[in-house]
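> Let me give you the structure first, and then I'll get to my questions.
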Ligand code: SF4
Ligand code: SF4
């Protein structure tokens with residue numbers, strides 16, 4: 001579903017306990033088995049899985065279904081922050097929190113291409129924007145990106161004030177509750193830029209902690225030589 005990842009997915013038992021807490025069940029919905037991709041069964045996004053019998057019991061190989069299907073958690077099923085209106089069969093949107101291979105997390109809203117505007121309707125749009133803002137702020141102690149998938153269109157990254165095409169890039173805070181996305185030609189270039197940015201933030205924080213009375217421009221003046229050193233060390237090491 002791209003349920004594949006080396007990062008830490010929930011295990012089946014955890015998913016079962018969360019389902020007990022929400023008291024929810026799939027009923028006649030099988031939307032995840034249509035919208036997500038599952039390499040293990042040769043399934044592309046927005047196509048029914050060959051093992052799915054929608055409305056007639058769902059997964060026909062349930063006890064033998066692939067591990068990725070077992071470890072995948074439907075956001076509506078396990079999280080009552082998503083109200084009853086988020087029942088996927090009703091709203092045409094499947095939500096999940098996906099652990100990426102680099103250890104980051106992405107909140108994904110998979111929209112049924114048969115109703116591609118569903119996510120723009122209320123109350124869905126406001127909730128998606130709310131999730132995106134919380135993720136960017138790291139309100140729950142973890143930062144994450146929020147994306148919209150409407151196969152086969154390009155994925156969209158949700159920012160509080162707009163949506164942009166998602167790809168290799170870095171999301172930068174440019175003002176209070178305001179972020180912009182800088183796109184790069186490759187994932188490597190984005191990682192390199194992100195590492196430099198992180199180093200810069202660290203050095204500035206160090207200088208500010210050591211000299212709490214300095215003005216912002218003085219902090220930058222002091223930080224610049226340390227930053228050059230840090231980048232030179234990094235370039236030599238690479
Ligand atoms: S999308 Fe969620 S509610 Fe629907 S079948 Fe999949 S797991 Fe069940
Ligand atoms: S194997 Fe079963 S659970 Fe997995 S996508 Fe197919 S129908 Fe759904």
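The values are calculated or read from the model by the stated rules, or taken from the named source; none is laboratory data. Predicted, not measured: the structure shown is a model, and the values here were computed from it. Reconstructed Cβ throughout: ideal geometry from the backbone, glycine too, with neighbour counts over all protein chains shown.
> Test residue 109 against the criterion of being away from ligand 2 (no atom under 16 Å from the Cβ), within 19 Å of the chain's Cα centre (by Cα), surrounded by 16 or more Cβ atoms within 10 Å (Cβ to Cβ) and in a loop (DSSP other than H, G, I, E, B), and give yes or no.
no
> Okay, next question. Specify the residue that is nearest to ligand 2 (Cβ to nearest atom); the eligible residues are those in the stretch 19-39 that are exposed (fewer than 14 other Cβ atoms within 10 Å of the Cβ) and assigned to a helix (DSSP H, G or I).
39
> Residue 71: farther than 26 Å from residue 152 by Cα and touching a residue at least 24 places away in the same chain (Cβ under 8 Å), yes or no?
No; evaluated as a whole, the condition is false for this residue.
> Working carefully through the options 50, 66, 123, find the one that is more than 13 Å from ligand 1 (Cβ to nearest atom), in contact with a helix residue (DSSP H, G or I) (Cβ under 6 Å, 6 or more places away or on another chain) and either modelled with pLDDT of 95 or more or farther than 16 Å from residue 146 by Cα (or both).
66
> To continue, here is another question. Specify which of the listed residues (141, 194) is modelled with pLDDT of 90 or more, out of contact with any helix residue (DSSP H, G or I) (no Cβ under 7 Å at 6 or more places or on another chain) and either assigned by TED's automatic domain parsing to the domain that holds residue 119 or in a helix (DSSP H, G or I) (or both).
141
> Which of the numbered conditions does residue 169 fail, given that it passes all the others? Conditions: (1) farther than 20 Å from residue 80 by Cα; (2) crowded, with 18+ Cβ neighbours inside 10 Å; (3) touching a residue at least 40 places away in the same chain (Cβ under 8 Å).
(3)
> Could you tell me whether any residue of the stretch 52-61 is within 14 Å of ligand 2 (Cβ to nearest atom), surrounded by 17 or more Cβ atoms within 10 Å (Cβ to Cβ) and in a loop (DSSP other than H, G, I, E, B)?
no
> Give me the residue from the stretch 73-99 that is farther than 18 Å from residue 146 by Cβ and within 16 Å of ligand 2 (Cβ to nearest atom) and, out of that set, surrounded by the most Cβ atoms within 10 Å (Cβ to Cβ).
If we take residues in the stretch 73-99 being farther than 18 Å from residue 146 by Cβ and within 16 Å of ligand 2 (Cβ to nearest atom), then 77 is surrounded by the most Cβ atoms within 10 Å (Cβ to Cβ).
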